[in-house]
Amino acid sequence: MLAVIGVDSIDRLFESIPKDVQLDTPLDIPGPWSEIEARRYFRGLAAKNKTAADHVSFLGGGAYAHSQPACVDQLLLRAEFLTSYTPYQPEVSQGTLQSIFEYQTHQCLLTGLDVANASLYDGSTALCEAVLLAERVVKNRTKVIIAKSVHPHYTETVRTYVQNLGLEIVEVGWTSDGRVDLEALRKACTGGVFAVAVQSPNFLGVLEDYDAVAEVANTIGAVKIAVVAEATSFGIVTPPGEHGFDVCVGEGQAWGIPPSFGGPYVGFMVVRDALKRHMPGRLVGETVDVDGRRAYVLTLATREQHIRRGKATSNICTNEALIALAANIYLSLMGKEGLREVAMHCLQKAAYLRDRLQTISTVTIAFRGPVYNEFVYRTPFPAREILLDLEHQKILGGLPLGEFYPGHDNEILVAVTELHSREQLDQYAKALSAAVARGRR
Amino acid sequence: MTITEQEPATAAVPRGASREGLIFEHSRPGRRGYRLPPLDVREQKDLLPRGLMREAIADEVEVSEVDVIRHFTRLSKLNVSIDAGLYPLGSCTMKHNPRLNEEMARTPGFALSHPLQPDHQVQGDLELIWTLEQTLKAIFGMPRVTLQPVAGAHGELTGILMIHKALSRTGNPRKYILIPDSAHGTNPASAAFAGYEIRELKSNSRGTVDLEALEQAVDKDVAALMLTVPNTLGVFESDIRKMAEILHGQGAYLYCDGANLNAFVGIARPGDMGIDVMHSNLHKTFSTPHGGGGPGAGPVGVSERLVPFLPAPTVERRTDGSFYLEFHRPDSIGRMRAFNGNFGVLLRALTYIRSMGPDGLRRIAQIAVLNANYIRARLKGTYHLPYEAPSLHEVVFSDRNQTAHDVHTLDIAKRLMDYGFHPPTIYFPLIVSGALMIEPTESEPKEELDAFCEAMLAIARECAERPELVRSAPHTTPVRRLDEARAARQPVLRWRR
């Protein structure tokens, strides 16, 4: 090969890199490792974690343990999906393109809205994109209202994204039922507001009153953004599209994607038809080939960075295609009945645990609004201590709410899914009884 | 016109892989693909207010597991992939994805760990993130690396936000980001999202940044130059140290788009070149699978003066060897994403880097560059090489020699499919008219490179002898050329009953 190229060594090919920046020693990193050594190391690392692999987990807050049907991962490992890239060449990428088209359709059906994109990074960045979309649509306004009960990481991420864009985030709190404070929302809805974003179920687990929020937002013509971080809730909760919301964004991890310490997940965005040309990210559309056969292709690309560059609707290029495929397979397999059944199990089992915990005299349910599969309870003791006690009983008992909202130090956010058996729910109640009984200091 | 006699036998996707209906069209009432255990708690009525209780989702599918497996298996057969052969998509670094990485990512202790667990429960996860940061620090030659960004463009935004914040500290964030006309589209888009205006820098006759032009362009209004190294022609910017000096002399920063790190990993370190910020795509250089468009990860390395502005939280190690998330970073730009980045991708990348070791990483760059230059040598002359500057990991040709026969880059790309190859990146970089951007990576053996070159040479002959055959390609794929205008004019973006 060197002879064909006409050089006598590989080093000659690197002469364009100045000698004084070329390394003269190997990189100071370990390896090479065989598979045997790598397995030993990584399994050793994994063994240092305490997880749902060896505990009963009730952790939620935007990442949930749901059952992933066995065939999902088997299909994801098909090389034709796993090792291909962005379907820029539709004639040899119909598998990926059609799958995205199906994924988009699922998103529309679930949210009750019209147009979904091919995926965004995750729920938090999807909210960022939604805020930026709204700002493009409603010109010359600079304020976005984000309910305080939207996932705090999501709001923080929006804060990062908009920090140099002259936009202001206005937070609106909740009332004692855990729903957004409509009175405060009404006051905050002044002429400068271009969008209102609420999450449902919100970070407290409580379902918002979409109609009431929409009514307030409509008084100033703001874009209504619904955030959904627990996507299995679509199986039983009426979708935001039916309540007049314009945009629904969120996190698709709950569709059986492993929690995996935070990613990769899949952000979704679905909008009303009128907003489709403002959409960030890739869109797949249906068309025909020269022989008239139905086929799929990336479309409306003039919104995107590779065409529009500095004026694009987003800088996103690589997205979460493989996780969107996992979502498509999951949603197809569960289907009309399964999505409802999973959601029904989550709803009923959470209600069961909530009832059980209320029988413990020192435990109170923090918010009385309707919930799906997560709720907050309060004990007289710091959440950290209770959770540590539960951990000793092999239970990952929930999230300490005070870590997200100062002043809520004795409150714990619990998530229940279809994975929990009644025995495990009883076990939780028993373990908590013991923990609060011990909870002195 | 009969073309069948001209069809090569090795189509990228055999015509036999016929079309497959939409999953929604496979739906039959009553079919199920799942089973849940019986509900073991007493079912309560009226848990949800009437207005929030949904009926069954109209039009959602009813299919069996067999339906699902057949459907997606058939769909998969309509794709070409790196596992099936050379996938020379320039700028995307389509290299082999070792399967050990997949196995490690599925280790239950990792896959089931939750992103909001307290530090003491996830010491393994935190140690992994910390270790990957140390490793990338060594590879980049930079004092810190954030692993939060989940894609290259996300890393770009992170980097430019840090520059903005650092400059704001000196009292003036400045107005412009300089971007060469050969840059990826994400560069200007990210700069705009970070609050900057774009000033485009014209490339010189070598396809690189002109030092004089740069010197004239940099003033106190310029925040940074975003430079791809090597650039999108595969050409190394040999004056990079001087460019850094020019920028630093005016108080501006040098941002490096590290999408092309595969060209010099283990050979040279960005930190030694005067680069202040660099993102690297783990799904490119470090072999995590591209998955049909993602997921990826876009870690960002920074020079000392940008360390205070890194996204929060960072992962730190205590003197007792334990690890923790550090949220208290008062100068941080903030959080770029919920949770801890694309952890599963980070895990795959570290598996790959350890499997390679220091000599293996260097070897990656050497063979990637050798392979690209071999293709360049074999195709040069037949295909026009618009820039003579030496290539590293990729080579960019144009269709100038073929346009005489009224055959263009798009046609050549489509015809390659008939020969069993995914086309290169086409019509990019924008500074080359009719660009064909070929990046073979180090994964390809000589036989595969030769087969590709033979195909390209055969197509060049066809352009002269049977141009219509090329213009009407592909002939052997599951679908032929699509009506893309119709897709955009009358968008159909979802299935409807």
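Quick one: how many residues across region A:280-310 are part of a strand (DSSP E or B) and either out of contact with any strand residue (DSSP E or B) (no Cβ under 9 Å at 6 or more places or on another chain) or among the acidic types (D, E) (or both)? Spell out how you get there, then give the answer.
Filtering region A:280-310 for residues part of a strand (DSSP E or B) gives A:284-289, A:294-298.
Applying the additional criterion that residues be either out of contact with any strand residue (DSSP E or B) (no Cβ under 9 Å at 6 or more places or on another chain) or among the acidic types (D, E) (or both) yields A:286, A:289.
Counting residues in region A:280-310 that are part of a strand (DSSP E or B) and either out of contact with any strand residue (DSSP E or B) (no Cβ under 9 Å at 6 or more places or on another chain) or among the acidic types (D, E) (or both) gives 2.
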Neighbours by Cβ (under 6 Å, 6+ apart or cross-chain): first from region A:256-276, free of Cβ contacts under 8 Å to residues at least 12 places away in the same chain; second acidic (D, E): A:F261/B:D125
Condition broken by A:D389, with the remaining ones in (1) assigned to a helix (DSSP H, G or I); (2) within 12 Å of chain B (Cβ to nearest Cβ); (3) touching a helix residue (DSSP H, G or I) at 6+ places or on another chain (Cβ under 8 Å) satisfied: (2)
Subset of region B:72-86 (residues that are part of a loop (DSSP other than H, G, I, E, B) and more than 7 Å from every other protein chain (Cβ to nearest Cβ)): B:G85, B:L86
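Residue under question is B:K242, and the condition is that it be part of a helix (DSSP H, G or I) and farther than 29 Å from A:R136 by Cα; does it hold?
On the way: part of a helix (DSSP H, G or I): yes; farther than 29 Å from A:R136 by Cα: yes.
The answer is yes for B:K242.
If we scan region B:68-75, do we find a residue that is crowded, with 23+ Cβ neighbours inside 10 Å, closer than 30 Å to A:L113 by Cα and of a type in the set (F, W, Y)?
Narrowing region B:68-75 to residues crowded, with 23+ Cβ neighbours inside 10 Å: B:68, B:71-72, B:75.
Then drop every residue that is not closer than 30 Å to A:L113 by Cα, which leaves B:68, B:71-72, B:75.
Right, trim to of a type in the set (F, W, Y) and you get B:72.
Yes, region B:68-75 contains at least one residue that is crowded, with 23+ Cβ neighbours inside 10 Å, closer than 30 Å to A:L113 by Cα and of a type in the set (F, W, Y).
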Selection status of B:R335, among the basic types (K, R) and closer than 30 Å to A:I323 by Cβ: yes
Some residue of region B:62-81 being closer than 21 Å to A:I236 by Cβ and not basic (K, R): yes
Enumeration of residues in region B:367-379 that are at the interface with chain A (Cβ under 10 Å from one of its Cβ atoms) and either part of a loop (DSSP other than H, G, I, E, B) or farther than 21 Å from B:L261 by Cα (or both): B:A377, B:R378
Cβ-Cβ under 7 Å pairs, at least 6 apart or on other chains, region B:43-71 side assigned to a loop (DSSP other than H, G, I, E, B), far side surrounded by fewer than 16 Cβ atoms within 10 Å (Cβ to Cβ): B:D59/B:R497; B:E62/B:R28; B:E62/B:P29; B:E62/B:G30
Within region A:288-306, tally of residues that are at the interface with chain B (Cβ under 7 Å from one of its Cβ atoms) and either closer than 29 Å to A:G263 by Cα or surrounded by 24 or more Cβ atoms within 10 Å (Cβ to Cβ) (or both): 6
Region A:257-278: number of residues that are more than 8 Å from chain B (Cβ to nearest Cβ) and surrounded by fewer than 24 Cβ atoms within 10 Å (Cβ to Cβ): 6
Matching residues in region A:72-113 - criterion: being in a loop (DSSP other than H, G, I, E, B), among the small types (G, A, S) and without any contact (Cβ under 8 Å) to a residue 24 or more places away in the chain: A:S84
Any chance A:K139 is surrounded by fewer than 23 Cβ atoms within 10 Å (Cβ to Cβ), assigned by TED's automatic domain parsing to the domain that holds A:V172, within 24 Å of A:C189 (Cβ to Cβ) and at pLDDT below 95: yes
Count of region B:127-148 residues which are more than 9 Å from chain A (Cβ to nearest Cβ) and of a type outside the set (K, R): 11
Within region B:435-491, tally of residues that are farther than 15 Å from B:L86 by Cβ and either crowded, with 19+ Cβ neighbours inside 10 Å or within 13 Å of chain A (Cβ to nearest Cβ) (or both): 27
Residue that is more than 10 Å from chain B (Cβ to nearest Cβ), at pLDDT 95 or above and touching a Ser or Thr at 6+ places or on another chain (Cβ under 9 Å), where the choices are A:A327, A:A321: A:A327
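Hey, could you check region A:78-100 for residues that are of a type in the set (A, V, I, L, M, F, W, C) and more than 7 Å from chain B (Cβ to nearest Cβ) and say which is surrounded by the fewest Cβ atoms within 10 Å (Cβ to Cβ)?
Our first condition is that a residue be of a type in the set (A, V, I, L, M, F, W, C); within region A:78-100, this holds for A:79, A:81-82, A:92, A:97, A:100.
Checking the rest, the ones that are also more than 7 Å from chain B (Cβ to nearest Cβ) come to A:97, A:100.
Values: A:L97: 26, A:I100: 28.
The residue in question is A:L97.
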Residues within region A:345-361 that are surrounded by fewer than 24 Cβ atoms within 10 Å (Cβ to Cβ) and facing chain B (nearest Cβ under 7 Å), tallied: 4
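Identify, from the list B:R106, B:R99, the residue that is surrounded by fewer than 21 Cβ atoms within 10 Å (Cβ to Cβ), within 21 Å of the chain's Cα centre (by Cα) and without any contact (Cβ under 8 Å) to a residue 12 or more places away in the chain.
Going through B:R106, B:R99 in turn, the sole match is B:R99.
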Identity of the residue in region A:393-422, within 9 Å of another protein chain (Cβ to nearest Cβ) and over 24 Å from the mean Cα position of the chain (by Cα), that ends up surrounded by the fewest Cβ atoms within 10 Å (Cβ to Cβ): A:S421
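I'm checking my understanding of the structure. Among residues of region A:269-319 that are closer than 16 Å to A:S99 by Cβ and not hydrophobic (A, V, I, L, M, F, W, C), which one is farthest from the chain's Cα centre (by Cα)? Full working, then the answer.
Initially, region A:269-319 is screened for residues closer than 16 Å to A:S99 by Cβ, giving A:281-286, A:294-299, A:319.
Applying the additional criterion that residues be not hydrophobic (A, V, I, L, M, F, W, C) yields A:281-282, A:285-286, A:294, A:296, A:299, A:319.
Values: A:G281: 16, A:R282: 18, A:G285: 24, A:E286: 27, A:R294: 32, A:Y296: 27, A:T299: 25, A:N319: 13 Å.
It comes out as A:R294.
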Unmet criterion (only one of (1) farther than 19 Å from B:I160 by Cβ; (2) in contact (Cβ under 8 Å) with a residue 24 or more places away in the chain) for B:G293: (2)
Test: residue in region A:26-35 that is aliphatic (A, V, I, L, M) and assigned to a helix (DSSP H, G or I): no
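Quick one: which of A:T417, A:T318, A:T362 is outside any strand (DSSP E or B), β-branched (V, I, T) and closer than 30 Å to B:S190 by Cα?
It is A:T318.
Going through region B:392-427 one residue at a time, which ones are part of a loop (DSSP other than H, G, I, E, B) and within 21 Å of B:E447 (Cα to Cα)? Quick ask: steps written out before the conclusion?
Taking region B:392-427 and keeping what is part of a loop (DSSP other than H, G, I, E, B), we get B:392-394, B:399, B:404-408, B:419-424, B:427.
Scanning region B:392-427 gives B:L392, B:H393, B:E394, B:Y419, B:G420, B:F421, B:H422, B:P423, B:P424.
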Search result, residues across region B:386-397 that are surrounded by 20 or more Cβ atoms within 10 Å (Cβ to Cβ) and either closer than 18 Å to B:T425 by Cβ or out of contact with any Leu (no Cβ under 8 Å at 6 or more places or on another chain) (or both): B:Y387, B:S391, B:L392, B:H393, B:E394, B:V395, B:V396, B:F397
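Of B:L233, B:L247, B:L201, which residue is closer than 26 Å to B:T93 by Cα, hydrophobic (A, V, I, L, M, F, W, C) and either buried (at least 23 other Cβ atoms within 10 Å of the Cβ) or in contact (Cβ under 8 Å) with a residue 60 or more places away in the chain (or both)? Break it down stepwise before answering.
Working: B:L247 fails: closer than 26 Å to B:T93 by Cα; B:L201 fails: either buried (at least 23 other Cβ atoms within 10 Å of the Cβ) or in contact (Cβ under 8 Å) with a residue 60 or more places away in the chain (or both).
Exactly one residue qualifies, and that residue is B:L233.
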Scan of region A:208-252 for residues that are in contact (Cβ under 8 Å) with a residue 60 or more places away in the chain, within 13 Å of chain B (Cβ to nearest Cβ) and of a type in the set (D, E, K, R), ordered by number: A:E208, A:E242, A:E251
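The values are calculated or read from the model by the stated rules, or taken from the named source; none is laboratory data. These numbers were taken from a predicted model, which means no experiment stands behind them. Every residue, glycine as well, gets a Cβ built from its backbone with ideal geometry; the counts of neighbours run over all protein chains shown.
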